[in-house]
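Accompanying notes for the structure given below.
The values are calculated or read from the model by the stated rules, or taken from the named source; none is laboratory data. What you are looking at is a predicted structure, and each value in this text was computed from that prediction instead of being measured. So basically every Cβ, Gly included, is an ideal-geometry build from the backbone, and we count neighbours across all protein chains shown.
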Amino acid sequence: MPAAPLPLPYRLDERVAVVTGAGSGIGRATAQVLAAAGALAVCTDVDGGAAEATAKSIHAGGHRAASAALDVSDRAAVFDLVEGVAAEYGRLDVLCNIAGIIRTGEVVDVEEADLDAVLDVNFKGTFHACQAAARIMCAAGGGSIVNTASGAVDSATPGIMSYSVSKAAVVQLTRNLAAEVGRHGVRVNAVAPGLVRTAMTARHYLLPDGSLDEEARAAAEKPLRRMSPLGLIGDPEDIAYAIHYLVSDAARFVTGQILRPNGGVAMPW
Ligand code: NAP
């Protein structure tokens, strides 16, 4: 008798995954990659139409998806969504907190409203979803959460304090939660991407007519390319594949970690 084939640890068949910020960039790519690996990807975004477009692109590829509008800073809405998904599909295996915003301004100039907005979405939005999902996953005896930090936590880049602080808080939330829920079989990790070509970064190089100023973008990317041993700037899929690894059984021994897909720009201990 031939031995039964080993299960492929990267497959996500039967799993239900909620992805926030799935209407654009890294969130969209992540929903697409998880669905291609077999998961039902529940695509959520503050822009419900964008979430629906991502779900449609997944259906077009022959994979499974659903979509919903979700503002992650709305705690009640986050709990409704997460609990609703678990009730509708009978399980919640994966949560990817990817929704995020950035506001610029040096510390001495930052408006409190901007600081609040960034903390509300990036940190508290991640916290709400982690709390809602962890309760369900702990009761079920397993699950995997991936949060999105940033390379901004590894330096003190002028002009983005609010963003950096929100992402540093996401890192610590990830570690605390991982330490608390591991005994229930729930893993919690984060990615800290380097510069990735998405709408969030492109907006710095937009021309008045809305098109991309390729020259300005290339000039801004140059120093980062020089810092990368690979000479690379990231694409959304580069981060999506890292998230796929973290949520999959291939990472069953990995929790409380901050994975840095960043072209080697930062190499902290
Ligand atoms: P993106 O293309 O702008 O995608 C972010 C998505 O989140 C957008 O669809 C956005 O909707 C949505 N969103 C904003 N506020 C929301 C809210 N309150 N509730 C739910 N969804 C909301 O940006 P991205 O570059 O893919 O960023 C994804 C994540 O990666 C963010 O957490 C970001 O901080 C992080 N990150 C990005 C980079 C990079 O270089 N791109 C590097 C490190 C970390 P709208 O477009 O309608 O606002």
Report task. Find all pairs meeting these conditions: Cβ atoms under 8 angstrom apart; at least six residues apart or on different chains; first residue within segment 241-259 and assigned to a helix (DSSP H, G or I); second residue surrounded by 21 or more Cβ atoms within 10 Å (Cβ to Cβ) and of a type in the set (Ser, Thr, Tyr). Result -> 243/30; 244/30; 246/144; 247/144; 251/144
Requested in this report: Can you run down the residue pairs with Cβ atoms below 9 Å, 6 or more apart or on separate chains, where the first is in segment 128-147 and surrounded by fewer than 16 Cβ atoms within 10 Å (Cβ to Cβ) and the partner is assigned to a strand (DSSP E or B)?
Outcome: 141/186; 142/186; 142/187
Query raised in the report: Out of all the residues in segment 71-81, is one or more within 14 Å of the ligand (Cβ to nearest atom) and assigned to a strand (DSSP E or B)?
Result: no
Requested in this report: Quick one: in segment 85-112, of everything that is loosely packed, with under 14 Cβ neighbours inside 10 Å and small (Gly, Ala, Ser), which residue is nearest to the ligand (Cβ to nearest atom)?
Outcome: 87
**Report entry** Qualifying positions in segment 1-54 - surrounded by fewer than 24 Cβ atoms within 10 Å (Cβ to Cβ), out of contact with any helix residue (DSSP H, G or I) (no Cβ under 7 Å at 6 or more places or on another chain) and in a helix (DSSP H, G or I)
**Finding:** 36, 48, 49, 50, 52, 53
Query - Positions within segment 1-59 being closer than 23 Å to residue 136 by Cα and of a type in the set (D, E, K, R), in sequence order - result: 11, 13, 14, 15, 45
Query raised in the report: Of all residues in segment 196-226 being free of Cβ contacts under 8 Å to residues at least 60 places away in the same chain and in contact with a Gly (Cβ under 8 Å, 6 or more places away or on another chain), which is farthest from residue 101 (Cα to Cα)?
Result: 225
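Mind checking whether some residue in segment 201-215 is outside any strand (DSSP E or B), surrounded by 19 or more Cβ atoms within 10 Å (Cβ to Cβ) and out of contact with any Pro (no Cβ under 6 Å at 6 or more places or on another chain)? Outline the logic, then answer.
Taking segment 201-215 first, the residues outside any strand (DSSP E or B) are 201-205, 207-211, 213-215.
Still in the running and surrounded by 19 or more Cβ atoms within 10 Å (Cβ to Cβ): none.
No; the residues of segment 201-215 include none that is outside any strand (DSSP E or B), surrounded by 19 or more Cβ atoms within 10 Å (Cβ to Cβ) and out of contact with any Pro (no Cβ under 6 Å at 6 or more places or on another chain).
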Query raised in the report: If residue 5 passes every condition in (1) more than 19 Å from residue 197 (Cβ to Cβ); (2) modelled with pLDDT of 95 or more but one, which one does it miss?
Result: (2)
Query raised in the report: Being within 14 Å of the ligand (Cβ to nearest atom) and of a type in the set (Gly, Ala, Ser), is that true of even one residue in segment 176-189?
Result: no
Report task. Report the residue count in segment 224-234 for those that are more than 18 Å from residue 198 (Cα to Cα) and not small (Gly, Ala, Ser). Result -> 4
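Which one of these is touching a Gly at 6+ places or on another chain (Cβ under 8 Å) and away from the ligand (no atom under 11 Å from the Cβ): 34, 12?
Going through 34, 12 in turn, just one is touching a Gly at 6+ places or on another chain (Cβ under 8 Å) and away from the ligand (no atom under 11 Å from the Cβ): 12.
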